[in-house]
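Structure first, commentary second.
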């Protein structure tokens, strides 16, 4: 196996690991967000402004996770294109 094919295979492996880990993290985050919303609704006398702040924080966190995923995907594409370009210059 040449270095280019090995590099492509390794990038694919790391991307698959990252995607699976991210999917697990996202699932946990969604579950925690649902649990948090349920808990906030069940606390009598909890201020509505406080609930809004907490909900906005969870939305911000979700957006940051999506931005991180997009950045990682972009970097994986760059790495894959590096090995594709390197493979064509034999």
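Over the chain, dividing the summed -39,500 (n - 2.57) contributions of all DSSP H runs of at least 4 residues by the number of residues returns a 222 nm mean residue ellipticity of -33500 deg cm²/dmol.
Taking a ≥ b ≥ c as the square roots of the Cα gyration tensor eigenvalues, with a/c under 1.5 meaning rounded and otherwise prolate when a/b beats b/c, else oblate, which class fits the range 24-64? Note, shape of the range 24-64 comes out oblate.
I'd like the orientation of helix 3-42 relative to the chain: the angle between its Cα long axis and the longest Cα principal axis, in ° from 0 to 90, rounded to 10. With rounding to tens, the tilt is 0 degrees. What angle do you read, to the nearest 10 degrees and between 0 and 90, between the alpha-carbon axis of helix 48-88 and the longest principal axis of the chain? Between helix and principal axis, roughly 0 degrees.
Each reported figure results from applying straightforward, stated rules to the coordinates on display, with no laboratory input. Remember, it's a predicted structure, so these values are computed and weren't measured experimentally.
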